[in-house]
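Visitor: Shown below is the structure under consideration.
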Amino acid sequence: MCGIVGHLGPQNSVDVVLEGLKRLEYRGYDSAGVSFISSDNNLKIYKKKGKIQNLIDELADKEIHARSSIGHTRWATHGGVTDNNAHPHVCEDMGIAMVHNGIIENAGELREFLIGEGVKFKSETDSETFLGLLIYNVKQGKEIKEAVIESFKKIEGFSAFVVLNKETSEIFSIKNGAPLVCGMNEVNSEVLVSSDPYALAGIANKIYFPEDQVLCHLSAGNANLLNFYELDGSKSTRYISKSQSMDHNPAEKGEFEHFMLKEIYEQPELIRSLTQFYFQGEGKESLEQAVDLPRTNLHVTACGTAYYAGLVIKDFFEQINRIPCRPEVASEFRYRDPILNKDDLALFISQSGETADTLAAQELCKKTGMKTLSIVNTEGSTLFRDCNVNLLIRAGMEIGVASTKAFTQQVLTGRTLSAVIANGGMDDNLKNSLATKYSLLAERIEELLERSDEIRTVAGEIYRKQGFFYTGRGVYFPIALEGALKLKEIAYVHAEGYAAGELKHGPIALIDEEKVNVALVGPELYEKTVSNIQEIKARKGIIVVVGPQGKKDLEEIADYYIPINFDGLEELSPLYINVVNQLLAYHIAKFLGTDIDKPRNLAKSVTVE
């Protein structure tokens, strides 16, 4: 969740770190800070709550010439949103600064011990206990490298740490279950570390993904800019290296007011691109590998929007492949002692590939000997590296915190896998059949996007209402859940998703003239769904129907009717109807004046439990 950037090299390190942090703003944060070694060899620190711009303004009148720096954007867990709780945390006397991503689960116990040893704390954060351990170990006579290792050994929970040492201008980093990537540009003698490869794009021409419990040593003054060590101090080879080819130009909104709207509009072309990738491109090999995996039962595990994508994928595998499928919320999966067998297949869905709960579930399945498969957007992420087979969704960078295009690509990737398994492999007939249907979906979404003003008009009529119930039956139930989540995320209004037939089992007590029912109606279970809408109408609820075009009964029952053309889409129709939900949420949030791309309290990549 937190953004980390560290840099050593001939450029002004503070400028490099601030640029990296700005690139990671999309991840979500509530404060930012930077620490660096100044030209007169003093350890400096500046940190401010709020936006990165507040930090930049604080530095504006400072003359800074730094060759080493670390920076951080914090998403508060332990301790409120204050300047004091922001990172980095420093010990000026020892010339040590550190930043942290994750949660230290035994922070209370460590704090109590360290206070007893005379260590004084300046913040309410769990993160500062790692600095306390560093102080303690250095006072015990350990060199900084050994102090980092010994301190790390005491930490429980998923975390990543980056430490800047003034004495040698070196940076050390180490992780357990949290994202961390190193980069290097040998031509310019620059080395970097970050929680996200995007922060390194355009500077590092080679990137390294260290495994857990590998110490990374960045030192621009030595012949070897970057070294890796095991916890016993020996050299480590437990890392993956690859050339860096990511576009370093910051994402632009172009003609769109928000990244979220831009990403909604990107979906038709991304659908076509995914078709090319899996039918003619390098994705074919991954599909073939996935088909060969055992799959007596399928466990689908994810969080948030990715979990709702998993619910749609479940319908594909059970209805088309007749494979028993159990979707699980990742945060609950490993705590309920699930029944796992080696002949089952575990499927994990994540946009970032760094979601802590999903990674923990994947680790549990791997320990049981199960084969693991990911549907993921980020190549080289922790999930990507840890799974047996990976299916990339090819969504490109998603800047808006509320996921849109990634959901569509996740579901389509799952549908492609389902089809290939059902067919016993990929052949020309299947390619042509799927390509035709995917192309039709892209065309229909383009038609919906051309009607955005119509959906905006509906949003303008209902955005002041007190509550929203999204309902759907069968394959549209997951879309109701996802629609409600989008509205909650970016508009900050109460919204719930329900199976349409469930409202009468309790929630209908809340219905009155200030409540809106966004009723998702498909060709399937049509009459039953209309009957459920009638129940809401009879209690004076406001009805917004998204359903098949040319239906007089829908037009009569609805206060607002958004007709759409389902013909030919069949099992892909949930993706089609979901675009209406995305546009509706966007326009309601726009009317309410919220921060659509960076909603309060949310982070793009949730790397804590």
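Each reported figure results from applying straightforward, stated rules to the coordinates on display, with no laboratory input. Because the structure is predicted, anything quoted here is derived from the model rather than measured. Counting neighbours? That spans all protein chains shown, and the Cβs are built from the backbone with ideal geometry, glycine included.
Visitor: Stretched out fully, how many nm does the piece from GLU257 to ASN12 gain, at 0.36 nm a residue minus the Cα gap? Intermediate values should be presented prior to the final figure.
Guide: On the way: separation 245, 0.36 × 245 = 88.20 nm, distance 3.25 nm.
Full extension from GLU257 to ASN12 adds 85.0 nm.
Visitor: Now a separate question. Fewest Cβ neighbours within 10 Å first, please rank PHE407, PHE130 accordingly.
Guide: Numbers: PHE407 29, PHE130 25.
Neighbour counts put them in this order, fewest first: PHE130, PHE407.
Visitor: Using θ = phi - 60° and the Karplus form 6.51 cos²θ - 1.76 cosθ + 1.60, what ³J(HN,Hα) does each residue of segment 502-510 get, whole Hz, x for Gly and Pro?
Guide: Values per residue, Gly and Pro as x: 8, 4, 6, 9, x, x, 4, 4, 8 Hz.
Visitor: Next question. Rounded to the nearest 500 deg cm²/dmol, what is the calculated helix-only ellipticity per residue at 222 nm for the chain, with -39500 (n - 2.57) per DSSP H run of length n ≥ 4?
Guide: Values: 19 runs with 222 residues, N = 609.
Rounded to the nearest 500, the figure is -11000 deg cm²/dmol.
Visitor: Sticking with this one: Label point 7 Å out from ILE115 along Cα-to-Cβ: which residues of segment 76-108 have amide N under 14 Å?
Guide: 107-108
Visitor: Also: How far, in nm, would the chain grow between GLU146 and ASN84 when pulled straight, counting 0.36 nm per residue and subtracting the alpha carbon separation?
Guide: Values: separation 62, 0.36 × 62 = 22.32 nm, distance 2.80 nm.
Gain in length upon complete extension: 19.5 nm.
Visitor: Any idea how far apart ASN54 and LYS139 come out in nm if each label point goes 7 Å out from Cα toward Cβ?
Guide: Result: 3.2 nm between the two label points.
Visitor: Tabulate in residue order the Karplus-calculated ³J(HN,Hα) for segment 559-570, using 6.51 cos²θ - 1.76 cosθ + 1.60 with θ = phi - 60°, rounded to whole Hz; enter x for Gly and Pro.
Guide: So the Karplus estimates, Gly and Pro as x, are 6, 9, 10, 10, x, 9, 9, 7, 3, x, 7, 6 Hz.
Visitor: Multiplying the sequence separation of TYR335 and GLU318 by 0.36 nm and subtracting their Cα-Cα distance, what value in nm do you get? If you can, show how the numbers build up before the last one.
Guide: Working: separation 17, 0.36 × 17 = 6.12 nm, distance 2.54 nm.
Extra length available between TYR335 and GLU318 comes to 3.6 nm.
Visitor: Put one equal scatterer on each alpha carbon of the chain, apply the Debye formula with no solvent term, and list log10 I(q)/I(0) at q = 0.05, 0.11, 0.12 1/Å to two decimals.
Guide: Here log10 of I(q) over I(0) equals -0.24, -1.06, -1.20.
Visitor: For SER159, SER236, SER350, which order do you get if you count the other beta carbons within 10 Å of each Cβ and list the fewest first?
Guide: Working: SER159 24, SER236 18, SER350 31.
So the ranking, lowest neighbour count to highest, is SER236, SER159, SER350.
Visitor: Restricting to the chain, what percent of DSSP beta bridges are antiparallel, rounded to 5? Write out the running numbers ahead of the final one.
Guide: Details: 60 of 100 bridges.
Roughly 60 percent of the DSSP beta bridges within the chain come out antiparallel.
Visitor: Under 17 Å from a label point 7 Å along Cα→Cβ of ASP428: give me every residue in segment 279-298 with its amide N that close.
Guide: Of the residues in segment 279-298, 279-281 have backbone N under 17 Å from the label point off ASP428.
Visitor: Given H placed 1.01 Å from N in the peptide plane, which residues other than close sequence neighbours of LYS206 have an amide H under 5 Å from its amide H?
Guide: MET184, GLN244
Visitor: If R0 is 41 Å, what FRET efficiency do you get for GLU167 and GLU288 from their C-beta distance, rounded to 0.05?
Guide: Numbers: r = 53 Å, r/R0 = 1.30.
E(calc), rounded to 0.05, equals 0.15.
Visitor: Looking at segment 259-448, how many pairs of lysines come closer than 20 Å at the Cα, when each pair is eight or more places apart or spans two chains?
Guide: Taking the Cα cut-off of 20 Å, the pair count is 12.
Visitor: Using a cut-off of 16 Å between alpha-carbon atoms, which aspartates and glutamates can reach LYS537, once sequence neighbours fewer than 8 places away in the same chain are excluded?
Guide: Those aspartates and glutamates meeting the cut-off are GLU502, ASP512, GLU513, GLU514, GLU527, ASP553, GLU555, GLU556, ASP559.
Visitor: Is any residue of segment 312-356 close enough, with backbone N under 17 Å, to a label point placed 7 angstrom from the Cα of GLU105 along the Cα-Cβ axis, and if so, which?
Guide: So the set is 330-338, 355-356.
Visitor: Could you go through segment 436-447 in sequence order and give the Karplus-derived ³J(HN,Hα) for each residue, using 6.51 cos²θ - 1.76 cosθ + 1.60 with θ = phi - 60°, rounded to whole Hz, and x for Gly and Pro?
Guide: Each residue of segment 436-447 in turn: 5, 5, 5, 5, 5, 4, 4, 5, 5, 5, 4, 5 Hz.
Visitor: Still on this structure, please answer the following. Which value does Rg/Rh take for segment 259-448 over its C-alpha atoms, Rh per Kirkwood? Intermediate results must be reported in sequence, preceding the final value.
Guide: Values: Rg = 15.7 Å, Rh = 16.5 Å.
Here Rg/Rh amounts to 0.95.
Visitor: Angle check, please: helix 477-491 long axis (alpha carbons) against the longest principal axis of the chain (alpha carbons), in degrees 0 to 90, nearest 10.
Guide: The angle comes out at about 50 degrees.
Visitor: Just to be sure I understand the model, the point goes 7 Å from the Cα along the line to the Cβ. What's the resulting GLU63 to ASN224 distance in nm?
Guide: 3.9
Visitor: Student exercise: in segment 10-120, how many lysine pairs 8 or more apart or on different chains have Cα atoms under 17 Å apart? Show your work: numbers first, answer last.
Guide: Values: LYS22/LYS47; LYS22/LYS48; LYS22/LYS49; LYS22/LYS51; LYS44/LYS62; LYS47/LYS62; LYS48/LYS62.
Step by step, the pairs that qualify in segment 10-120 add up to 7.
Visitor: On to the next question. Quick check: net charge around HIS494, other residues with Cβ under 12 Å of its Cβ, Lys/Arg +1 and Asp/Glu -1? Mind dumping the intermediate values first?
Guide: Numbers: positive: LYS465, LYS488, LYS515; negative: GLU496, GLU514.
Residues near HIS494 contribute +1 overall.
Visitor: Still on this structure, I have one more. So what's the net charge close to ALA509: Lys and Arg +1, Asp and Glu -1, counting the other residues with Cβ under 15 Å from its Cβ?
Guide: Residues close to ALA509 contribute a combined charge of -2.
Visitor: Would you mind ranking ARG394, ARG451 by Cβ crowding within 10 Å, fewest neighbours first? Show your work: numbers first, answer last.
Guide: Working: ARG394 19, ARG451 14.
Fewest to most other Cβ atoms nearby, the residues stand as ARG451, ARG394.
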